[in-house]
1. Within the stretch 56-85, which residues are in a strand (DSSP E or B) and among the aliphatic types (A, V, I, L, M)?
2. Hey, among the residues in the stretch 5-55 that are in a strand (DSSP E or B) and of a type in the set (D, E, K, R), which one's farthest from the chain's Cα centre (by Cα)?
3. Restricting attention to the stretch 31-54, which residues are under 26 Å from Ala120 (Cα atoms) and surrounded by 14 or more Cβ atoms within 10 Å (Cβ to Cβ)?
4. Looking only at residues that are modelled with pLDDT of 90 or more and assigned to a loop (DSSP other than H, G, I, E, B) in the stretch 86-109, which one is surrounded by the most Cβ atoms within 10 Å (Cβ to Cβ)?
5. Name the pairs: first residue in the stretch 23-43 and of a type in the set (Phe, Trp, Tyr), second residue surrounded by 11 or more Cβ atoms within 10 Å (Cβ to Cβ), Cβ to Cβ under 6 Å, at least 6 apart or on different chains?
6. Would you point out the residue of the stretch 110-127, among those that are polar (S, T, N, Q) and part of a loop (DSSP other than H, G, I, E, B), that is farthest from the chain's Cα centre (by Cα)?
Amino acid sequence: MKAYLEHVAIRVKDIHWHIRFFHDVLGMTMREVEGDAANPRQYWTLGGMQFIAAPDFAGPEGRLAHLGVMCEDVEAAIAAAHRFGVTELPQGRNWLRLPDGLAVELMQSQPAACVAQALAINPRAGR
């Protein structure tokens, strides 16, 4: 069984600043938007970032909303996760809360071979 981190979701006070920063500095373009594009509630980039507009968020921790993990076999991953005492979240049985509070969204890759292809990429090649 193999998996890779597909995206990281974070709560941000100024979603427009984050969109501009990740676009202008890292070249991450829009993959998906929830809400009006001029004033999005959520914004996903090609490159694995998800921004959740939370202008009133004031907590010192908790900006990380969840980790999105792409799995070769999501059912096998869910079964294995339950052996570790995780709890399911209201979003669905593939949304899990780990004992320390971290939320993880497990997703089925289509096709499953995509996981192996993603893991075969050497991010340090060419250095």
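1. Here is the first cut: in the stretch 56-85, the ones in a strand (DSSP E or B) are 64-71.
If the condition is that a residue be in a strand (DSSP E or B) and among the aliphatic types (A, V, I, L, M), then Leu64, Ala65, Leu67, Val69, Met70 are the ones that fit.
2. So the first thing to find is which residues in the stretch 5-55 are in a strand (DSSP E or B), and the list is 5-12, 30-36, 39-45, 49-53.
Within this subset, residues satisfying the condition of being of a type in the set (D, E, K, R) are 6, 11, 31-32, 34, 36, 41.
Details: Glu6: 6, Arg11: 12, Arg31: 13, Glu32: 13, Glu34: 15, Asp36: 21, Arg41: 15 Å.
Going through the qualifying residues, I end up with Asp36.
3. From the stretch 31-54, those under 26 Å from Ala120 (Cα atoms) are 31-32, 44-50; that's our starting set.
Residues satisfying the conditions are Arg31, Trp44, Thr45, Gly48, Met49, Gln50.
4. The extreme case among them is Ser109.
5. Tyr43/Ile19; Tyr43/Val33; Tyr43/Phe51
6. Looking at residues that are polar (S, T, N, Q) and part of a loop (DSSP other than H, G, I, E, B), I get Asn122.
The values are calculated or read from the model by the stated rules, or taken from the named source; none is laboratory data. Here the structure is a predicted model, which means the values were calculated and not measured. Here Cβ is always computed from backbone atoms with ideal geometry, including for glycine, and neighbour counts include all displayed protein chains.
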